[in-house]
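Values in this text are rule-based calculations from the coordinates and carry no lab data. For clarity, every value in this text was computed on a predicted model and none was experimentally measured. Counting neighbours? That spans all protein chains shown, and the Cβs are built from the backbone with ideal geometry, glycine included.
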Amino acid sequence: MSVQALRRESPSVTIEQLRASLELERAAFMRDGPPSYRTRRHHLQLLLGMILDHQDRIIEAIGEDFGTRSPDESRRIELLPLILGIRHTIKSLRRWMRPSRRSTHWATWPSLARVDYVPLGVVGIISPWNYPVSLALGPLTGALAAGNRAMIKPSELTPRTSAVLAELISKTFAADHVSVATGGVEIAQAFSSLPFDHLLFTGSTGVGRLVMRAASEHLVPVTLELGGKSPALIDRAFPFDKGVSSLMLGKLYNAGQTCIAPDYLLVHESRVDEVVERVRAEVANMYPRLADNRDYSSLINTRHRERLLGYLDDAREKGATVLEINPGDEASERFAEANKLALTLLLDVDDSMTVMQEEIFGPLLPIKTYADLDEAIDYINAHPRPLAAYVYSDSRATVDHFGARVVSGALSINATAVHFAQDELPFGGVGASGMGCYHGFDGFETFSHKKAVYRQLRPNLMHLVTPPYEGALKDRLI
Ligand code: NAD
């Protein structure tokens, strides 16, 4: 069945239902107040149990939405980091919830000050199709840990997964606690206009702009987890055989449909041939054939595949060399049937080509050459700030220089994409790749209000001095 047919079939909430859900959740939040540590832990355990008990069903639904989505990748890079993230949150929650003591000013002694992390209320979560479960339930983990209620709007491009999420959430949580709103773009637009207490959006930079505009109407604070072109630089002296496997894994997980996949490589001009050969060998190792290989994922729909083929035509016309890495030597009709695309390297690229302007989000990998490190760094910094910057180098000086000069959401050295799974690291972009962050404590903090609490123990100096001042303490305080 086509994605379009499924989309028509998948149920959609109405705009009135959206508003009613928010009212219901907000009323329950006001009625019950902030949940205790034990209650929050219980909520997180419910979420964890829901995922563990229904893993196979979730993986099957994702597979159906994609056509082919490697079940092993779904388990390993979609569900595993999510499960580990929830466990980490359960383990750390008591510590995170502790008020943070602050010192007070001498002129107001004797007094105490602290910061309490209090829930915001109802959090909205808008998620994309590429990791449709972890990018919906990952933010939910932080929102529940911080004691909030939540509404999730998953992507209309993964209707089966969205339907499974909606069903599981409604069986696990009360309707006034967590709800899922399925539907198309009109519902997404209405969702982003609701007066939430916080809105986390994961998706494209273009839609992120619209979401922020809609949220501004009610001054809803936003966390924007966006996309962009993440570069991977291979240092001139780096023994590339050491890094190629992690780099190609990070690129080809989910057929390149990963926000932190390397979008393009920066390779020293003397090493291009060697890098191409290593990539070819590594891909042949990992994927001896592509079209009927369940480890090699499909693109989400034909429109997306045509967009990528359009990038290739445009680059070819403008003088790029296009190298398809097709280890099984399969005919292109087989790829089209499976809605797949082979990894395709592009050499001799420049910024006039669409592939160097737009986020690729698929298995195309341009290789841009550089003569010296600063030239490569200047190239990255002359473009919108990326979500991740990768550097493969054994030189401390190179890594430090690259890390200090490149402005990016994250810096990853000699590894690709695994920083996403570090529970102690914030995950988020900078500039056009996003604002704010979540994961672990940073997610708890994002979804909490840091309430300043001040307590006077006895009257202080400021209270003793009242009008008429008549120059009292003049010159003594400052
Ligand atoms: P998208 O922006 O098209 O859609 C994301 C979500 O926004 C969907 O749920 C969709 O229904 C909703 N939406 C669509 N139009 C809307 C509107 N006008 N107002 C409000 N909501 C609207 O993104 P996508 O194609 O689903 O995902 C791919 C993009 O997401 C890529 O750019 C990728 O880099 C980015 N991404 C970022 C991260 C991250 O963590 N930073 C993770 C995954 C994907």
> How do 140-153, 184-197 rank on mean C-beta neighbours within 10 Å, highest first?
Replying inline: 140-153, 184-197
> Between Leu457 and Asp53, what FRET efficiency comes out of the Förster formula 1/(1 + (r/R0)^6) with R0 = 35 Å and r the beta carbon distance, rounded to 0.05?
Replying inline: 0.10
>> I'd like the orientation of helix 272-286 relative to the chain: the angle between its Cα long axis and the longest Cα principal axis, in ° from 0 to 90, rounded to 10.
In response: 80
> So for the range 231-429, Kirkwood radius off the Cα pairs, Stokes-Einstein at 20 °C and 1.002 mPa s: how many µm² s⁻¹?
Replying inline: 125
>> Report the Cα centroid-to-centroid distance between the range 201-271 and the range 25-56 in angstrom, as an integer.
In response: 32
> In degrees, nearest 10, range 0 to 90: what is the angle between the Cα axis of helix 80-97 and the longest Cα principal axis of the chain?
Replying inline: 20
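On average, how much area does the Cα convex hull of the chain cover when viewed from any direction, in nm²?
Working: hull surface 110.3 nm².
For the chain, averaging the hull's shadow over all directions gives 27.6 nm².
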>> Taking 21 Å as the cut-off for C-alpha to C-alpha distance, list the pairs among Lys91/Lys153; Lys251/Lys340; Lys318/Lys368 that go past it.
In response: Lys91/Lys153
> Which of the trypsin sites (Lys or Arg not before Pro) across the range 372-478 are loop residues per DSSP, with 10 or fewer other Cβ within 10 Å?
Replying inline: Lys474, Arg476
